[in-house]
Amino acid sequence: MVDKTFFENNGPFSLQQIAEICGASLADKSKAGVMIAGMATMASAGEDEICFFYDKKAREKAQEIKASACVTTEELARYVPQSTVVLVAENPKLAFLKLSQEFYQEYRPKPDIASTARIHPTAIIGQGTYIGDYVVIGENVVMGENCVVEPGAVIARGCKIGSNVKIGANASIAYAVIGDNCYIFTGARIGQDGFGFMMVDGQHKRIPQLGRVIIGNDVEVGANTCIDRGALDDTVIGDGMRIDNLVQVAHNDKFGRGCILVAQAGIAGSCTFGDYVVCGGQTGFADHLNIGSQAQIASQSGVMRDVAPGEVVMGYPAIKFKDFMRQVAMLQKALHK
């Protein structure tokens, strides 16, 4: 069961309530009043707990379920032991998302401003905001309502932060405008200098980085991720984007809505991404590329050319997925001759 030390449990819920939350149907209506105290995995769930079964490969393990109830599909329901009450859902993964949001709540500190925080007199802080120890907020910063700024974070002069934004411990934000409902994780660095230099008389001369970072609404930026501000144009992170830990986004990059960058991805400067592009872990991009909407980049790929909308690429240098698999097949045949 989820540790109550770190997450508040809003249960218990009856199976009837759970069925309504999940959009599922209860196989045995007589069990509607059975109370469930928490959620757990198939392997660990026990009495008064509910689990989720949606992977066909886990059919044999399903016979060992000891949970009081299980959410699964109509196809897989027959593999669940008779001692476990079945709730049938069209999409058990979505049901898990809905129920976990109802069952558990991450701890949220009460609105407060720590005595050790340093807030410039010109800064405007919205109501219901929590500001932790040793936070520094510069002049003319504007923050919306119901924000959380964890200890040690720095928000530099002039930044604008929307409402319901959480900024993790020791994160730093500068030259940035951030929308509503965003989560900037621990140690993220937003708005630092872009990596721009010019060789003059045998020396690397720094090119001034005069742009900003614009982050839309409902964006998550992972721990220790860096997003550089633009040189002249802004670096733009579109609404609903999800950026994992340890990602590098360079100056002037522009992303549409709903893109995903998985851990250790690196995007060189002045790239333009459409909507809902997915980039696997450790993907790398040359500068000034155009990546079309809904393109998919496989993990550890090196992208050196534009990618068309909807295209799936893989390898180094990245090529179409089917072409990559043909190359692999040809190499395998050559090795086994």
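The values are calculated or read from the model by the stated rules, or taken from the named source; none is laboratory data. Keep in mind that this is a model prediction, so the values were computed, not measured. Neighbour counts are summed over all protein chains in view; Cβ atoms, including those assigned to glycine, are modelled from backbone coordinates with ideal geometry.
Some observations on this one:
- Test: residue in the stretch 209-217 that is hydrophobic (A, V, I, L, M, F, W, C) and either part of a loop (DSSP other than H, G, I, E, B) or at positive phi (or both): yes
- Tally of residues being farther than 18 Å from GLY216 by Cα, touching a strand residue (DSSP E or B) at 6+ places or on another chain (Cβ under 7 Å) and among the small types (Gly, Ala, Ser) across the stretch 248-279: 3
- GLN332 vs. criteria outside any loop (DSSP other than H, G, I, E, B) and over 22 Å from ALA188 (Cα atoms): yes
- Verdict on PRO92 being touching a strand residue (DSSP E or B) at 6+ places or on another chain (Cβ under 7 Å) and closer than 22 Å to GLY179 by Cα: no
- Count of the stretch 71-111 residues which are touching a Pro at 6+ places or on another chain (Cβ under 9 Å) and part of a strand (DSSP E or B): 2
- The one condition in (1) surrounded by 15 or more Cβ atoms within 10 Å (Cβ to Cβ); (2) touching a residue at least 12 places away in the same chain (Cβ under 8 Å) that ASP287 fails to fulfil: (1)
- For ALA223: the one exception among (1) assigned to a strand (DSSP E or B); (2) in contact (Cβ under 8 Å) with a residue 40 or more places away in the chain: (1)
- Scoring MET198 on the criteria (1) closer than 20 Å to ALA153 by Cβ; (2) touching a Lys or Arg at 6+ places or on another chain (Cβ under 6 Å) leaves a single failure, condition (1).
- Restricting GLY310, GLY240 to residues that are part of a loop (DSSP other than H, G, I, E, B), at pLDDT 95 or above and either within 15 Å of the chain's Cα centre (by Cα) or not assigned by TED's automatic domain parsing to the domain that holds ILE214 (or both) narrows the list to GLY240.
- Of everything listed in (1) under 30 Å from THR129 (Cα atoms); (2) loosely packed, with under 13 Cβ neighbours inside 10 Å, the single unmet condition for SER83 is (1).
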